[in-house]
């Protein structure tokens, strides 16, 4: 038994990928357990970039739904699909080609009650079902990320705490429960008709924000994160009396950041390392707005001798707790103005598409005096062209991939004479900084000899040199623990590798 291994494997492809704009048709054929078409099933997909497409399709009279996608799914970058239909359990599939067969199973009803620690019903709790992360030869489940689909598997608890969600998988599901005043809960269960979910009261963090004149400020956004490394943000707004209240927090220490209207002539300093305990409501923390200092600047491109609009300026510093950097954009004249709290700050510029940063970061100590305007210079990307050649310098028809680790790679292909071109003026700064890696086909793959990176700011001819290599072949044998051969075993092998000199991890 022989297995073909790719010495330029999935790991490296995952490190070099950007969106492809061409549209491709992907057809899903949805049937029931008797292989009869399921008509009217709702299909929604997720492509390599991790974003659920806004559009959905319903299966036709033959049980088929065709979606026009940015790329066709593959083993390296699969398309993930969610399929739901009345009377059937929701189904998550991984699609690795232009067509896929999906067989739905009958679902069941999940019923239960939400109560507090004393057994009292919790009214108005939100219960959301999703599928467990199971990857088997038969199917691969995905979370119900689509809002349109997720709504069908979300319930609100009634006066007696009861809830009901239909068409969930018999084998099991994941769920989340959230209710005002309680800590959100995640769990996994096999659906039943008498489930009981118990919630715990949350710790409380309250405060009051006053303006420069000492009057309450309404509509200020207060934000905090749960967990030191968590990206889950909880947000509340101040009321007419300037108060805000978090009451769903697990006990712990929190940073709180405040966001004011863009045209506000003040800032609200954040709170750092506020400790809260379950069952203890501390005195509200009073926070006063400050005028701050306005820092101005301009973003320009020396090659064009002109301003750059649409650039983003990010402001961060120790006086901004909670890892919430401020962001502001440049206007048509390349100008920006940002109100800052006193202290040491760092400003970074994120260029718009078609530009690279030449001086992207500046540190500044903000005092009561207005500082001199800052200057950020960007470099303009250009259109590139050149030739792809083999190890002997002969022009060849081949391709290289350019991109990052999370999306579909940008493919730069040459014609029969080895000629290629790339319009870098539409690339983002992240896309432009990606390494070049060789493409593959059924017979082998290409290793990039030089260059490993493209300088997208320098016009002129670029020769990309590739070396052709064959697939490695790994012999193997599947046996039991007693050494008996096993037929029909599906074996999948992956490993990491990088082109020499590319700077990518091996």
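Compute the relative contact order of region 360-474 as a whole-number percentage, counting only Cα pairs closer than 8 Å that sit 6 or more residues apart in sequence. Walk me through the intermediate numbers first.
Working: 214 pairs, mean separation 33.7, N = 115.
Over region 360-474, the number comes to 29 percent.
Which length gain, in nm to one decimal place, applies between residue 221 and residue 490 when the Cα-Cα distance is subtracted from 0.36 nm times their residue separation?
Length gained, residue 221 through residue 490: 91.6 nm.
Using alpha-carbon pairs under 8 Å, 6+ residues apart, how would you state the relative contact order of region 178-246 in percent?
Working: 90 pairs, mean separation 20.1, N = 69.
Result for region 178-246 is 29 percent.
For Cα pairs less than 8 Å apart in space and 6+ apart in sequence, what is the mean separation divided by the residue count of region 333-378, i.e. the relative contact order in percent?
So the answer I get is 40 percent.
Using r as the Cβ-Cβ distance of residue 35 and residue 369, and R0 as 60 Å, what FRET efficiency do you calculate, to the nearest 0.05?
Numbers: r = 77 Å, r/R0 = 1.29.
That pair, residue 35 with residue 369, gives E of 0.20.
Give me the percent of Cα-Cα pairs in region 149-307 that sit more than 21 Å apart, rounded to a whole number. Could the numbers behind the result be given before it?
Numbers: 7595 of 12561 pairs.
Tail of P(r) above 21 Å: 60 percent of Cα pairs.
Describe numerically, in nm with one decimal, the distance between label points set 7 Å from Cα along Cα→Cβ at residue 335 and at residue 253.
My value for the distance between the label points is 4.3 nm.
Would you mind getting me the FRET efficiency between residue 303 and residue 472? Use the beta-carbon distance for r and R0 = 45 Å, nearest 0.05. Intermediate results must be reported in sequence, preceding the final value.
On the way: r = 46 Å, r/R0 = 1.01.
E(calc), rounded to 0.05, equals 0.50.
Residue 312 to residue 385: FRET efficiency via 1/(1 + (r/R0)^6), r the Cβ-Cβ distance, R0 41 Å, to the nearest 0.05? Don't jump to the answer; show the numbers that get you there.
Details: r = 30 Å, r/R0 = 0.74.
Rounded to the nearest 0.05, the efficiency is 0.85.
Throughout, read-outs are computed from the coordinates displayed, never taken from laboratory work. These figures come from a predicted structure and were not determined experimentally. Note that we place each Cβ from the backbone using ideal geometry, even for glycine, and neighbour counts take in every protein chain shown.
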